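My questions all concern the structure below.
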C-alpha cells in the first residue's frame, strides 16, 4: 500500500464519525414510523464514498462554511433510496451482507421509506437555497432512476451491446458519483472549469466503480460481498464480463450460449459452468482492465485542482476503486 | 348549479387542453422506456385539480410570464407518482376505473416509473431557479410520503383517534393541495400575506377533499368511482365514517365491532353489514358535514385575494369539493 492510499484510508476513518453523525441527525428528525427502516438501511455500513467525494472536492477548493457533512450526506440518502427500490426489483435477500430492508419490513414500507429518503435528500439540498445544487440533484435523481429502468428492460435481452451496457451503468451509478464531486465544487463556489473537471472525474470514476463491481460479482465470494457468486448472470443481467466472454466464442457457440442465458429456467449447474468459464478465461480481469481506461480519464481531470492534500487523496481514490475486493 | 359553479366547470374545460399539452410535452421528453407507464398513469383522466389551483392563484395575483402550465403540472406529476406507489401498497386493481399501472407493468417498473415522475416534478421546479418553489415542493414530497407511511402503520389499528386520522389525511392529501395554491402565489410574486392565505385555503380544502373522498368510499358505486363500496373498511382503514360509527356504539358493542374490524379474516357478509350500518345511520353524511367546517376556513382565507374572477372560481371550487359524487 503506497503512502497516498494509506492517507486516504486514514482520512476515511477520521471523517466517517462526522459524516455518520450528520446522517444520524437527519434520520432522528424523520417521522417516528420511518426511522426503523431508514436507520436499518443507513446503518448497513456503506463506504460513504459519495459524501467523501463532496468533502474532498469542497476542501480542495478552500471551502469556507459549516454543515458540509449534512450537504454531503444528501447524496448518500439518495443512493440508499435507490438501493431500497433496487433490492425490491432484484428480489435481493441480502444487502452488504445484511438482510435487505424489504425482507424485514415488507415491500410497501420499503417503497415508501425509499420515497422518504429521496425526499430527505431533496429537502437537505433545498435548505441551501442554492439553485445550482438543486438543479444538480434533480438531474441526478432523474438519471439514476432512468438508468435503473434501462437495466430492468435489458434483463434477459441478449442483444444488449457494449455501448448500451455502458449507458446503463452510467445512469444507474456514475451520474450520482459525478454529482457528489460537483456538489463539492458548487458548495465551495469553485470556477466553471473546476466544475467541469469534477464532473469528468466523477463520471469516469463512477463508470469504473461499476465495472469493478460487475467484475467482483464473478470473483468475490458471498462471505465477502454478501452476494452469491455470479448473481448478475443468474438474474439475467448481461454485464461486461459476460459480454466479453460471449464475444470470444465462435458464432455458433455464441448463439447457443446466448439462448441459454436468456432462459429463466437454465439449470444452476450450467450457470455455474458459464460463471467458471467467464472467470477462468480472464473476463473478470479484462473488465478491470477496461475500468483502468476510465480511471485514466478521471486522473487527468484532476489537473483542474490546485496542488493540495485532497488532490492527492482523490488520486488515491482511483487506486481504491481499481483494487477493491468487496 | 349556480353561476360561479358553471363558470368553474367552463374554466376547467377551457384550461384542460393547455395543461394536458404541458403534461404530454414532459412525458414525451422522458426516456423511451418510462413513457408507456408514465403515459398510462397521466392519461387516466385525473381532474387536474392541483394544476388548476396553481393557475387560479397565480392569475388572481396578476401573474405575468409564460409556461405557467408546465410549473402547474409539476405537482400533478408528484401526485401521480404517489398514486403509483400507493396502488402497490393497497394492492389496488383499479385506479379511476382503469387497471392500476402495476397490474399491467409489474411492481418493479411501476416503482421506478413512480421515481421518475417524482424526479420529473422536482426537475421542472428546479428549472425555475426559484428557491421558494424548490423548498415548497421538497417539503410537499416529504409530507406526502410521511402521511402515506402513517396511513399504512394505522391499518387494522383500532386505537386510531380522530386527531390521528386528520393528521394522516393532512399528510397524504392536504399538503400537496396546499402546495399547489402556494405555487401560484410564489410564481406570481405575491405577498407573504397572500402566501399565508393560499396555504390556509389549500390545507383546509385538501382536508375537506379527503373527508369527502372517505365519505364517497361508503356511498359511491364501483361503476362511478372505479372502486368497490366500503373498500377502506375492507382494507382495514379506520376513516372518519367508521370512527364516527364506532363512537356511536355502546362501549361493549364498540369493543366487539372494533375487534372484528382488526381481523383480516372478517367475513365479507359481516363487512357488508357494517358498511350498510355506517351509511344507514348517516355517518357518511356526517363526514361531509365535518368537511364543511374545513371549507368554511378555506372560504375565509380567500379574503387575502383581490376581488376578481379567479377568487370567485376558487369559491366555486369549495362547492365542487363538497358536492362531488365521484
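Using alpha carbons only, how many degrees (0 to 90, rounded to 10) separate the axis of helix B:107-127 from the longest principal axis of chain B?
Here the helix axis deviates by roughly 40 degrees.
What does the average come to when, for each residue of peptide A:31-38, you count the partner chain Cβ atoms lying within 10 Å of its Cβ? Don't skip to the answer; put the middle values down first.
Numbers: counts 9, 4, 7, 6, 0, 0, 1, 0.
Neighbouring Cβ atoms belonging to other protein chains average 3 per residue here.
Between the helical axis of A:49-60 and the dominant principal axis of chain A, each derived from Cα atoms, what acute angle in degrees is found, rounded to the nearest 10?
Roughly 40 degrees between the two axes.
Provide B:25, A:48 in ascending order of the number of other Cβ atoms located within 10 Å of each residue's Cβ, fewest first. Before the final figure, lay out the partial values.
Values: B:25 12, A:48 19.
Going from sparsest to densest Cβ surroundings: B:25, A:48.
Over the stretch A:242-326, calculate the relative contact order: mean separation of alpha carbon pairs under 8 Å at least 6 apart, over the residue count, as a percent. Before the final figure, lay out the partial values.
Working: 23 pairs, mean separation 20.9, N = 85.
RCO, the stretch A:242-326: 25 percent.
Give me B:283, A:63, A:238 ranked fewest to most by other Cβ atoms within 10 Å of their Cβ, as a rough exposure proxy.
Numbers: B:283 22, A:63 18, A:238 25.
With the fewest neighbours first, B:283, A:63, A:238 line up as A:63, B:283, A:238.
Right, another one. For residue A:193, which inter-copy label distances result when the label point lies 7 Å beyond Cα on the Cα-to-Cβ vector, reported in nm to one decimal and in ascending order?
When each copy's label point is compared with this one, the spacings are 5.2 nm.
Among A:200, A:144, A:296, which one shows the biggest mean-square fluctuation in a GNM of chain A, springs joining Cα atoms closer than 10 Å?
A:296
Label-to-label distances across copies for residue B:268, with labels 7 Å out along Cα→Cβ, in nm, shortest first?
Between copies, matching label points for residue B:268 lie 3.9 nm apart.
I would also like to ask the following. May I ask you to derive the FRET efficiency for residue B:247 and residue A:262 from their Cβ-Cβ distance with R0 = 51 Å, giving the value to the nearest 0.05?
Values: r = 59 Å, r/R0 = 1.16.
Efficiency, rounded to the nearest 0.05: 0.30.
Compute the relative contact order of the stretch B:3-323 as a whole-number percentage, counting only Cα pairs closer than 8 Å that sit 6 or more residues apart in sequence. It would help to have the intermediate numbers written out before the result.
Details: 445 pairs, mean separation 70.0, N = 321.
Relative contact order of the stretch B:3-323: 22 percent.
Roughly speaking, what is the centre-to-centre gap between the stretch A:178-257 and the stretch A:294-326 when only Cα atoms are used, to the nearest Å?
Spelled out, the Cα-based centre of one part sits 17 Å from the other.
Using Cβ counts within 10 Å as a stand-in for footprinting exposure, how do B:254, A:259 rank, fewest first?
Working: B:254 15, A:259 11.
Listed from fewest to most nearby Cβ atoms, that is A:259, B:254.
Sticking with this one: Take the alpha carbon gyration tensor of the stretch B:32-183, find the square roots of its eigenvalues, order them as a ≥ b ≥ c, and report rounded if a/c is under 1.5; if not, report prolate when a/b exceeds b/c, else oblate. Walk me through the intermediate numbers first.
Details: a/c = 1.97, a/b = 1.23, b/c = 1.60.
Judged from the Cα gyration tensor, the stretch B:32-183 comes out oblate (a/c at least 1.5, b/c at or above a/b).
What's the Kirkwood radius of chain B in Å, using all Cα pairs?
Every distinct Cα pair counted, the radius reaches 20.4 Å.
Would you calculate, for chain A, the mean residue ellipticity at 222 nm contributed by helices, counting each DSSP H stretch of 4 or more residues as -39,500 (n - 2.57) and dividing by all residues, to the nearest 500?
-24000 deg cm²/dmol
Quantify how strongly other chains surround peptide B:18-25 by giving the mean number of their Cβ atoms within 10 Å of each of its Cβ atoms.
Details: counts 0, 0, 0, 0, 0, 0, 0, 0.
Whole-number average of other-chain Cβ neighbours for B:18-25 is 0.
For residue A:248, place a label point 7 Å from Cα along the Cα-to-Cβ direction in every copy; what are the distances to the other copies, in nm, shortest first?
7.6
Per residue and in Å³, how big is the convex hull formed by the alpha-carbon atoms of the protein assembly as shown?
Working: hull volume 109.5 nm³, N = 652.
It is 168 Å³ per residue.
How much length would be gained if the chain were fully extended between residue A:14 and residue A:67, taking 0.36 nm per residue of separation minus their Cα-Cα distance, in nm to one decimal? Present the calculation step by step, with values, prior to reporting the outcome.
On the way: separation 53, 0.36 × 53 = 19.08 nm, distance 1.64 nm.
Extending this stretch completely gives an extra 17.4 nm.
Using only the alpha-carbon atoms, how far is helix B:309-323 inclined from the longest principal axis of chain B? Give it as 0 to 90 degrees, nearest 10.
20
Okay, next question. Which whole number gives the average count of other chain Cβ atoms within 10 Å of the Cβ atoms across peptide B:105-115? Walk me through the numbers before you get to the answer.
On the way: counts 0, 2, 4, 10, 5, 1, 13, 14, 2, 5, 14.
Mean inter-chain Cβ contacts per residue within 10 Å come to 6.
Values quoted throughout were computed directly from the atomic coordinates according to the rules given, and no laboratory measurement underlies them. These numbers come from a predicted model, not from an experiment. Neighbour counts are summed over all protein chains in view; Cβ atoms, including those assigned to glycine, are modelled from backbone coordinates with ideal geometry.
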